[in-house]
Structures are given as structure tokens and as C-alpha cells.
Amino acid sequence: MERNAVQLAERVNRISVSATLAVLTEAERYKARGIDVVDFGPGEPDFPTPEHIKRAAIRAIEQNFTKYTATAGIAPLREAVCAWHAAQFGSSYAPGECIVSVGGKHAIFNTINALIEPGDEVLIPVPYWVSFPDIVKYAGGRPVFVPTETADGFCLRAAQVEGLLGPRTRVLIVNSPNNPTGAVVPPEEFARLYEVCRRRGVWLLSDECYSHFTYGSTRPYSVAGIAGSKPHLIVVGSLSKTFSMTGWRVGYALAPQPLVDAMLKLQSQSTSNPTSISQYAALEALTGPMDSVATMLAEYARRRARILAGLRAIPGVTCTAPDGAFYVFPHVAARLGNGSGALAAIGAQDTAALARLLLEREHLAVVPGEAFGAPGFLRFSYATSIERIEEGLRRLERFFASAESGS
Ligand SMILES: Cc1ncc(COP(=O)(O)O)c(C=O)c1O
């Protein structure tokens, strides 16, 4: 060991920096050099936070709500989270069963750390949001991956889950609408998943961060609307995506009170309360008008149609229509080099290499499927304008055309 090498704790060496953040950092480097990057990387809305929410934060500063608050969040906000969730989804939580956290990620981190003993298993459907496996590993748990099928629209099936439950299984994570696939678990399948968890004494952790971005006949849904589901259920929600508030860092968990109390303990010894000003903004978001959510959704729907049509028009690229969120997850494996041909010659044997080349050659930022446990796919976020989507599609087509003509 070098004399000054930093010896880090084993638990931190078990995890790595978020792969999606790594792509964003690389794209930022290009942008800092003045390069026009078409950026399909960000997992965040491109809309500004709605005006009435920003005003509420400004009022909070003017009224000096700038001090510590209760660790679990101010009482009116905990009440508002419960009332909003009840109105949107038919759940019935009391403020003592609610904790406000520093974003949904923080709520997931605290949930897993409050429940998982070393060697416990957490079922994670694949493709997965990048943070799930690392959070489980940090807690000393073992991620057990549940496959989903492209042909089935990446829908998580209770039968698949049941086959993977074992004596150490403690939690099943369900993220619907899903990042990265946009897949939405239909209510009847959610009821089956819940029933499997109830019967086998496993927690169902429902990550509802994208709940309000659904398309076509799909509607926002929460399994918490099932009567009697509370003892087996942890709901994690976030204001980040629904209200375009990623930077404000407000999320929440709804769970049985002993678990909320344990999360409160963790929060009290780490972050303390989420930012006081953000909490007042969140209170306005949950109690004020929601027209801006509908406006954003209508724009996402338009972009979704455009990017889907564009990707599907590229030979060798197939793409499932996402029912929710703001991502498309095309399968591009047929276009990879696979050891021969022009794409192999330029080093595009897998999607990680392909994403790197797209950034280098076309200044097009996408996240490779490897980050989500799904090589052969690329994730495109369509939280960007139609004009940028069209420019990005042009660059993608040009890349494939020029790579294959050997130029
Ligand atoms: C599936 C999923 N869950 C949770 C989060 C956490 O969001 P936040 O911590 O901003 O609430 C994200 C953010 O990208 C996500 O994609």
C-alpha cells in the first residue's frame, strides 16, 4: 500500500458511483468545451419548477422558515403527503406513518438500511434503476435479479417473483412506471405481486417516483389502494419528477409506524430534516393546483411519439412503447459489431462502447443498457425538446450510416 493511500471501509468499496451520473459527467465535459451535445442522458424533467411552487419557497424564506424542522418533516407536509396520496390513489395513511426525506432515493436508502441484515436478499427486477443494487449491497444485502421479457413489454410478473423467493428474501422492489423501460405493472398484476409478498411475509417496496407520467389508457396507480395492504407495503414517492423539483430534494415514504420510526432514527443521525424551504415548496405542490403536471405530461406524450417513431425507423433497432415515465429503451444489439464488420472495427462491440462512440463522434449522450443490467439496450430520456429529439435522431442515423460505410 502506498504510504498515503486512503484505506476505505469495506462497505463503501462494495458500491460504485451511479453509472448514469458518470455519463452525465462525461457529457458535461464536452459541453464545457463549447460542444453542442444532444443530451438524452438526464433523468430529470427539462421544465422549470411551476411558478406557484417557487413563490411558496420565496415566501418561506421571507417568513424566516429557514431553521431546523422536525426530522420527519413539518407536520402540515406529512399531513399533506397522506392526504394527497389518499386523494390520488385511495390509500389511508396517517402522518405517523409518513416520513419526508431528502428525495425518494434517501427514502429507499433508509428503508433498505432499516430492514436488511447481512446476507438478506432483495428481489430487483431487471432492467433496474441503477441505485437499487448498490443500496442493497451497501446494507450488506444480496440483490437477486428478477428477469422481465422484452416481448412482454418488460412487465414484472408475480409468477417470476414467486420462483425466486427464498428463506432470506426480505424485500421485493417494484418500480412502476419503470426507469429505464417505462414499463407499467397493470393493477391486476400488482395485486398478484402484493398477494405473493403477503403470503410469503416479504416487504413490497413500491417506488412510485414516476406515478403521474403514464400514457394512453394507463392511469396513475398505487398498490397502497388495496385495502389491508399496509402491513406488507412500503411506498416511496418523490416530488422530483411529478412537479419538476429534482433540485429541491423532497421525497417521502409511507410505511408502518415502527419502520418509519427506524427511518427517522437513521435520518436524525445523518441528514436531519430535508431543507426547510423545500418543504414549504413541497407543501404548495401537494396542496395547490396540479395543472402544470397535466401540461408537462401532454408534452412528454408528444415527444414520446416522435422519438419512438424515429427509433423504430432505424433498421435493426426495435423499441417497446413505454407506458410511463420519460424514457425509451431501444434494443440495438442487431447493430453492434459482434466481432466482425465496420462497427466492430471502430470498437462498438457492446452498448457501453457504442454509447462512448456516440458521444465522441456525434456528441450524442445516451446511457448504455449495462448500467441497468441490460446490455444490448440504450436508454434515451425524452425530457428534452422535440427539436433536440429530431437532431439526436439525425445524429444517430448518421452514426450508423457512416460507421457501416466504413467512414
Ligand atoms: C426509479 C427511481 N427511483 C427513485 C429516484 C430518486 O429520485 P429523487 O431522489 O430525486 O426523489 C429516481 C431518480 O432518478 C428514479 O429514477
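The values are calculated or read from the model by the stated rules, or taken from the named source; none is laboratory data. Given the structure is predicted, the values throughout are model-derived calculations rather than measurements. In this analysis, Cβ positions are derived from the backbone assuming ideal geometry, glycine residues included, and neighbour counts consider all displayed protein chains. Heavy atoms of the whole protein, side chains included, go into the accessibility calculation; ligands, DNA and RNA do not. Shrake-Rupley method; radii C 1.70, N 1.55, O 1.52, S 1.80 Å.
Estimated at the nearest 10 Å², the accessible area of residue 112 is 0 Å² with a 1.4 Å probe.
Taking 7 Å steps out from each Cα toward its Cβ at residue 28 and residue 334 produces label points 3.8 nm apart.
Packing, as the average of other Cβ atoms within 10 Å across residues, places the peptides 174-182, 77-85, 349-357 in the order 174-182, 77-85, 349-357, highest first. Dimensions of the stretch 162-277 from C-alpha coordinates, computed as largest minus smallest value along each principal axis and given longest first, are 43, 38, 26 Å. Every Cα-Cα pair in the stretch 63-222 was counted, and those over 28 Å apart are 24% of them.
About its Cα centre, the stretch 203-299 has a charge dipole of approximately 200 debye under the convention of +1 per Lys or Arg Cβ and -1 per Asp or Glu Cβ, with nothing else charged.
Computed from Cα positions, the angle between helix 187-200 and the longest principal axis of the chain comes to roughly 60 degrees. Once Rg and the Kirkwood radius are both taken over the C-alpha atoms of the stretch 84-151, their ratio Rg/Rh works out to 1.06.
Summing Lys and Arg as +1 and Asp and Glu as -1 over all other residues whose Cβ lies under 12 Å from the Cβ of residue 330 gives a net charge of +3. Here the extension length gained between residue 52 and residue 390 equals 118.5 nm, from 0.36 nm per residue of separation less the Cα-Cα distance.
For the stretch 113-190, the alpha-carbon coordinates run over 35, 24, 19 Å along the three principal axes, in decreasing order.
Spread over its residues, the convex hull of the C-alpha atoms of the stretch 195-237 is 75 Å³ per residue.
Each Lys and Arg adds +1 at its Cβ and each Asp and Glu adds -1 at its Cβ; summed about the Cα centre, the stretch 16-79 shows a dipole of about 320 debye. Applying 1/(1 + (r/R0)^6) with r as the Cβ-Cβ distance of residue 11 and residue 352 and R0 = 30 angstrom yields a FRET efficiency of 0.70.
Overall, the accessible surface of the stretch 266-346 at a probe of 1.4 angstrom is composed of carbon and sulfur to the extent of 55 percent.
Computed from Cα atoms, the angle from the helix 276-287 axis to the main principal axis of the chain rounds to 90 degrees. Charge dipole (Cα centre; +1 on Lys/Arg Cβ, -1 on Asp/Glu Cβ; no other charges) of the chain amounts to roughly 320 debye. The residues neighbouring residue 136, those whose beta-carbon lies less than 14 Å from its own, together hold a net charge of +2 under the Lys/Arg +1, Asp/Glu -1 convention.
Can you bin the stretch 1-125 into rounded, prolate or oblate? Criterion: square roots of the alpha carbon gyration tensor eigenvalues sorted a ≥ b ≥ c, rounded for a/c under 1.5, prolate for a/b above b/c, oblate for the rest. Taking the square roots of the gyration eigenvalues as a ≥ b ≥ c, the stretch 1-125 is oblate. Ellipsoid semi-axes for the stretch 241-301, based on the Cα gyration tensor and the rule √(5λ), read 28, 13, 11 Å when sorted largest first.
Each of 215, 246, 263 was placed along the dipole of the chain (beta-carbon charges, centred on the mean Cα), and the one lying farthest toward the positive end is 263.
Dividing the alpha-carbon radius of gyration of the stretch 193-343 by the rule-of-thumb value 2.2 N^0.38 Å gives 1.35. When the P(r) is computed for the stretch 25-83, the part past 18 Å accounts for 63% of the Cα-Cα pairs. What's the Cα-based Rg to Rh of the chain, Rh via Kirkwood? Expressed as Rg/Rh, it is 0.97. Heavy-atom accessible surface of the chain, averaged per residue, reaches 42 Å², computed with a 1.4 Å probe. Along each principal axis, taking the top coordinate minus the bottom one, the Cα set of the stretch 44-113 gives 33, 29, 25 Å in descending order. Once the Cα atoms are used to define both axes, helix 351-362 deviates from the longest principal axis of the chain by about 70 degrees.
Taking a ≥ b ≥ c as the square roots of the eigenvalues of the alpha carbon gyration tensor, the stretch 319-407 is oblate, as a/c is not under 1.5 and a/b does not beat b/c. Work through the residues other than residue 65 whose Cβ is under 13 Å from its Cβ and net out their charges, Lys, Arg +1 and Asp, Glu -1. Every neighbour counted, the sum reads 0.
Kirkwood-type hydrodynamic radius, the stretch 259-407: 18.0 Å, calculated from all non-identical alpha-carbon pairs. DSSP finds beta bridges in the chain, and of those with both partners inside it, around 45 percent are antiparallel.
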